[in-house]
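The values are calculated or read from the model by the stated rules, or taken from the named source; none is laboratory data. Remember, predicted model here, so these are calculated numbers, not experimental data. Cβ placement follows ideal geometry from the backbone for every residue including glycine, while neighbour counts extend to all protein chains displayed. Please note that ligands, DNA and RNA were not included when accessible areas were found on the heavy atoms of the full protein model with its side chains. Shrake-Rupley method; radii C 1.70, N 1.55, O 1.52, S 1.80 Å.
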Amino acid sequence: MSSDIITTQENNQSQDLIIQPPSSGLSLQGKITVPGDKSISHRSLMLGAIAKGETTIEGLLLGEDPRSTAKCFRAMGAEISELNTERVVVQGIGLGNLQEPRDVLDAGNSGTTLRLMIGLLASHPDRFFTVTGDNSLRSRPMSRVVKPLQKMGATIWGRENNNLAPLAVKGQKLKPFHYHSPIASAQVKSCILLAGLMTEGKTTVTEPALSRDHSERMLQAFGAELEIDAATNSVTITGQPELTGQHVIVPGDISSAAFWLVAGAIVPGSELVITNVGVNPTRIGILEALEMMNADITKENERIVAGEPVADLRVKHSKLRACTIAGSIIPRLIDEIPVLAVAAAFAEGTTIIKDAAELRVKESDRLSAMATELTKMGAKVTELSDGLEITGGNALTGQEVDSYTDHRIAMSLAIAALATSGITTIHRAEAASISYPNFVATLQQVV
Ligand code: S3P
């Protein structure tokens with residue numbers, strides 16, 4: 001039965017995902033385990049590589065993005081075992097010991113790989129590095145990390161006034177710096193903190209709103225000295241600490257759980273339990289937004305695993321209502337806005353999403369992508385310069401839509417299709433494997 005509802009088909013070297021709910025509608029049931037957190041997976045590989053001794057990682061995300069990180073750090077001398085979810089072993093080479101790679105470092109589709117890594121490269125004196133990525137990454141802004149690194153004394157070249165990859169980096173002994181970032185970005189914050197690791201003295205980053213704090217937690221666990229001032233959203237790192245390999249347990253990714261939270265909320269008669277989800281306070285904006293929308297979500301079995309809060313999440317269908325999502329909640333749900341737009345299309349009233357211009361420079365322009373594709377399906381969406389205005393209640397119908405090769409767009413559209421009449425075909429749906437390799441299999445399991 002379920003295999004008729006969710007099918008895939010090769011199409012011109014990419015994959016179509018075809019979703020055809022029965023005319024009686026679907027109800028989603030089951031227990032789901034989502035893959036490991038993408039942000040924590042990257043950081044565990046990177047810190048493992050630069051620490052002294054052995055790091056073991058349990059629950060690593062096997063998506064394309066962490067694979068890019070592993071490949072880059074292997075090319076710079078770290079020994080990283082074959083990637084699997086049970087136990088990855090990283091033999092760290094010690095702080096300051098990244099070797100000059102003989103080839104270009106390729107971050108693939110991963111902004112986190114490139115932006116975090118460049119903080120380390122820029123602070124390795126006398127070594128030369130070149131870094132690039134895929135089509136999408138080569139059009140994303142890098143001056144947000146290049147400029148503050150230059151203020152610390154870094155030497156970096158790139159296209160369009162050093163803004164676009166490929167980038168060339170000549171490592172230098174950097175100077176400590178207090179960076180007031182104009183954007184709340186964990187990638188920017190983490191890049192500067194990683195550069196600060198190698199820099200004598202204290203390096204501080206202040207951000208306008210708190211972004212995810214996985215770097216801070218993991219750096220402290222590996223032995224770095226950090227001062228955190230919550231009142232001003234500032235973090236200070238003291239340079240040249242002794243970093244020691246750790247055992248990292250990666251929780252399930254709340255950004256992947258978000259697809260099932262919205263699916264369970266919008267598809268009548270559904271009840272899903274998503275186990276082992278990371279519920280770090282800097283990531284749970286999605287839970288707060290769905291709660292404002294009257295979603296029925298309960299946190300069960302809350303616990304702390306290796307320094308990160310974890311819970312099981314139970315979602316039941318409910319009648320959603322519109323809300324406004326803006327301001328300091330935005331960095332805490334930045335990756336969940338595409339799927340929140342889907343929830344809004346099924347909510348009563350007009351949902352307003354503002355202060356989210358950052359979405360225009362993600363793996364795709366996510367505001368434009370969601371406005372265009374949801375409109376094709378019959379939703380009432382107005383694109384704002386920094387957000388979306390979505391009036392729910394229009395019944396959606398299946399259409400041919402596109403992922404823009406963006407994993408979160410592919411999966412968000414698949415969730416919309418579950419509560420839609422007719423057939424939805426999502427082109428280039430293989431993009432989901434960037435952060436969620438088993439997405440289609442799980443979809444087949446719950447329908
Ligand atoms: C990430 C930070 C966020 C997020 C990305 C992962 C991280 O990006 O969108 O998927 O792991 O630090 P920004 O820092 O650019 O907001």
I'm checking a number: the convex hull volume of the Cα atoms of the range 232-279, normalised per residue, in Å³. What is it? 111
Just to be sure I understand: with springs between alpha-carbon atoms less than 10 Å apart, which residue in Glu160, Glu348, Glu207 has the highest mean-square fluctuation in the Gaussian network model of the chain? Glu160
Assigning unit charges at the beta carbon (Lys, Arg +1; Asp, Glu -1) and nothing else, what dipole magnitude in debye, to the nearest 20, does the chain show about its Cα centre? 840
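Work out the FRET efficiency for Glu288 and Glu82 from their Cβ-Cβ distance, taking R0 = 41 Å, and round it to the nearest 0.05.
Efficiency for this residue pair is about 0.60.
How long are the three semi-axes of the equivalent ellipsoid for the range 38-249, computed from the Cα gyration tensor as the root of 5 times each eigenvalue, in whole Å, largest first? Each step should come with its number before you reach the end.
On the way: eigenvalues 100, 83, 55 Å².
They are 22, 20, 17 Å, listed from largest to smallest.
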Using only the alpha-carbon atoms, how far is helix 38-50 inclined from the longest principal axis of the chain? Give it as 0 to 90 degrees, nearest 10. 20
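Could you sort 298-304, 435-441 so that the peptide with the highest average Cβ count within 10 Å comes first and the rest follow in order?
Put in order of decreasing packing, that is 435-441, 298-304.
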Surface share of carbon and sulfur [accessible, 1.4 angstrom probe, percent] for the chain: 47
Sorted from largest down, what three extents in whole angstroms do the Cα atoms of the chain have along their principal axes? 65, 47, 42
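What is the packing order of peptides 370-377, 38-45, taking the mean over residues of other C-beta atoms within 10 Å and listing the highest first?
Highest mean packing first, the order is 38-45, 370-377.
Averaged per residue, what accessible area in Å² does the range 1-59 show with a 1.4 Å probe, protein chains only?
Numbers: 2540 Å² over 59 residues.
Counting only protein heavy atoms, the per-residue value for the range 1-59 is 43 Å².
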Enter the angle in degrees (range 0 to 90, nearest 10) between the Cα long axis of helix 407-418 and the first principal axis of the Cα atoms of the chain, meaning the one along which they spread out most. 20
Where the eigenvalues come from the Cα gyration tensor of the range 74-174, what are the semi-axes √(5λ) of the equivalent ellipsoid, largest first, in whole Å? 23, 17, 11
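Is there a quick way to get the dipole size of the range 38-249? I mean about its Cα centre, with the Cβ of Lys and Arg at +1 and of Asp and Glu at -1; what is the value in debye to the nearest 20?
The calculated dipole for the range 38-249 is roughly 620 debye.
Given a Förster distance of 30 Å, report the FRET efficiency between Ile183 and Arg321 from their Cβ-Cβ distance, rounded to the nearest 0.05.
0.45
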For the table Lys52/Lys173; Lys147/Lys202; Lys147/Lys175; Lys147/Lys170; Lys147/Lys189; Lys38/Lys173, the rows whose alpha-carbon distance is greater than 24 Å are Lys38/Lys173
How much mean residue ellipticity at 222 nm does the chain get from its helices, if each DSSP H run of length 4 or more adds -39500 (n - 2.57) and you divide by all residues, to the nearest 500 deg cm²/dmol? -9000 deg cm²/dmol
Amide H proximity to Val279 below 5 Å, modelled H, separation 5+ or other chain, gives Val310, Ala311
Compare the peptides 66-76, 230-240 by average per-residue count of other Cβ atoms within 10 angstrom and give them in order, highest first. 66-76, 230-240
